[in-house]
1. Inside the range 497-527, can you point out the residues that are more than 19 Å from the chain's Cα centre (by Cα) and open to solvent by less than 20 Å² (accessible area, probe 1.4 Å)?
2. Name the residues in the range 284-304 that are part of a loop (DSSP other than H, G, I, E, B) and open to solvent by 10 Å² or more (accessible area, probe 1.4 Å), would you?
3. Would you please name the residue that is farthest from Phe64 (Cα to Cα), looking only at residues in the range 4-22 that are within 16 Å of ligand 2 (Cβ to nearest atom) and assigned to a strand (DSSP E or B)?
4. Is it the case that Gly249 is open to solvent by less than 60 Å² (accessible area, probe 1.4 Å) and either among the hydroxyl-bearing types (Ser, Thr, Tyr) or not in a loop (DSSP other than H, G, I, E, B) (or both)?
5. Starting from the range 3-18, keep only residues that are open to solvent by 80 Å² or more (accessible area, probe 1.4 Å), then list their pairs with residues that are outside any strand (DSSP E or B) whose Cβ atoms are within a distance under 6 Å, requiring at least 6 positions of separation or different chains.
6. Cβ-Cβ distance below 6 Å, separation of 6 or more or different chains: which pairs start in the range 254-280 with a residue that is under 14 Å from Ser296 (Cα atoms) and end on one that is surrounded by fewer than 19 Cβ atoms within 10 Å (Cβ to Cβ)?
7. Taking the range 369-384 only, how many residues are within 9 Å of ligand 1 (Cβ to nearest atom) and open to solvent by 10 Å² or more (accessible area, probe 1.4 Å)?
8. Tally time: how many residues in the range 393-424 are open to solvent by 10 Å² or more (accessible area, probe 1.4 Å) and over 18 Å from Thr327 (Cβ atoms)?
Amino acid sequence: MSIQTVTTTPFAGQLPGTSGLRKKVTVFQQPHYLENFVQALFDVLHGDAPATGQTLVLGGDGRFHNRTAVQTILKMAAARGYAQVLVGQGGILSTPATSAVIRRRGANGGIILSASHNPGGPDGDFGIKYNATNGGPAPEKLTQAIHERTQTLTQYRLSNAADIPLDTLGTHTMDGMAIEVIDPVADHAAVLRELFDFDAIRRLFASGFRLRYDAMWAVGGPYAKAIIEGELGAPAGTVVHAEPKEDFGGLHPDPNPAYADDLIAHLMGPDAPDMGAASDGDADRNMILGRRFIVSPSDSLAVLAAHATQVPGYAKGLAGVARSMPTSTAVDRVAKALGIACYETPTGWKFFGNLLDAGQITLCGEESYGTGSDHVREKDGLWAVLFWLNLVAVTGQSVEQLVRGLWSAHGRCVYSRHDYDGIPTEQANALMAELRAKLAALGGSTVAGQPIAWADDFSYTDPVDGSVSQKQGVRVVLQDSSRVVFRLSGTGTEGATLRVYLERHEPDAARQDIPAQEALAPLVALAEAVARIRHHTGMDAPSVMT
Ligand code: VG1
Ligand code: CO
């Protein structure tokens, strides 16, 4: 055995946020930084014991520093006594694919190297997250324990072995630990094949249906190419920007109308395809577009729930559904009509895990372009695209018709999110503190001409394990149930991002085509009046509106 013990000292701030630990690449490049975090993770998972007999899954979204980090973690896993590591070829595994591999191979857990939708490259962001044996993101109790451990670490251990060749499939041994370089697509594809009517989708493409799938130069490319072009017969070139690049071509791999502007241009253009789709850095997010029609992620979740029984994997119906608190109430209305439960959780996929494990929900989603089901324990971009393709194929309706069907049955939840990026942290905290201090007085008052029914700071008690998460977002709800939600992002790496979520229900079909920003203008005025966004941030307008 050639294991070395390295003396180290703690780094401040190794606290995972909404989804893992995210920092600038330059922070992760500091000597001992990644090692400290991984050692803390292993210490929390295994205490003083070696990880005898255990299997770890390892991969990332291919961004800059991915390969270096993979080699380091392999050496640390070997030193920890893991029996086996399953690593994606080229160090690549999308987030949903990692979840699929953990579950199908019965692994004990997995490490995903990704900062998801954050930009990459030497000046960009890097990230690391741990998924447990159910394939889902580590719960808060675990991430908290890891953070505490990072504060007391004095040493870490790693093998002196040479790097492993990652680009070819095969098996290796490192200090007694087996390493298998696996096909990153196979397990995920097997899971998806069981859920959807691939024959119906094949017929759809054969009939001339045109899709443009923008992988945003990120990890979704290889998966979408293999399944949509390879298996489902979509013409070559259906999946664009398909080759994962270390810097995502210098772009934000964030599928929303602001950053996927190239896709929007194609779908709005004269020769627009029938459907557009995009996925993010680690391919867990999805954006869906119809021809000259943008689908709001909250509506997407509601449409999938409403039509789920038309897809083979959900033919028996849904146990229940869940959405993150800021996500629109469109899915609540569908759930009510179906007679199934709808849960409201804090932002972040980790909060769906217990409900999925307990069989209380089948579908879940977030306003941030995330949708998924109990097939894995992560949101899943390709899954959502296949679900939509399957629905279009079997209903004969276009993307737009499916969404309009939702609106005519349940009214339209007009929705938008306004992000204010790069606010100095103290100023963002001051804004939230001032808002929180006002909450008690807001209920029953009238602000900017609008009667407020109630206001609170969202607190969640997990219905399965009873754990409580407080301060999950400030809600200001009007008498007509319109609402504004305020929270600070937990995924950024520079200053703070304020997210303002706006929702208003429009039952009147004649008014459902009013552009969202226009329909929501009174709520924007309300948000400014209660939170004094201009005063605290110095910004006149949001950085991004989705
Ligand atoms: C954002 C989204 C949240 C999502 C998270 C991770 O978090 O709002 O809904 O779960 O990103 O998505 P925050 O704290 O910045 O609002 V991903 O695709 O970046 O892993
Ligand atoms: Co992501």
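The values are calculated or read from the model by the stated rules, or taken from the named source; none is laboratory data. The shown structure was predicted, so the numbers you read here are calculated from the model rather than taken from an experiment. Quick reminder, even Gly has a Cβ in these numbers, built from the backbone with ideal geometry, and neighbours come from all protein chains shown. These area figures cover heavy atoms from the full protein model, side chains too; ligands, DNA and RNA do not enter into them. Shrake-Rupley method; radii C 1.70, N 1.55, O 1.52, S 1.80 Å.
1. So in the range 497-527, the residues more than 19 Å from the chain's Cα centre (by Cα) come out as 502-527.
Once the filter is applied, which keeps residues that are more than 19 Å from the chain's Cα centre (by Cα) and open to solvent by less than 20 Å² (accessible area, probe 1.4 Å), the range 497-527 yields Leu502, Glu503, Glu506, Gln512, Ala519, Leu520, Leu523, Leu526, Ala527.
2. Here is the first cut: in the range 284-304, the residues part of a loop (DSSP other than H, G, I, E, B) are 284, 291-292, 295-296.
Passing the criteria: Arg291, Arg292, Ser296.
3. In this case the residue turns out to be Gly17.
4. On the way: open to solvent by less than 60 Å² (accessible area, probe 1.4 Å): yes; either among the hydroxyl-bearing types (Ser, Thr, Tyr) or not in a loop (DSSP other than H, G, I, E, B) (or both): yes.
Taking the combined requirement at face value, the residue satisfies it.
5. Leu15/His147
6. Ala258/Val544; Ile264/Pro257
7. Residues flagged as within 9 Å of ligand 1 (Cβ to nearest atom) and open to solvent by 10 Å² or more (accessible area, probe 1.4 Å) within the range 369-384 amount to 2.
8. Selection size over the range 393-424: 16.
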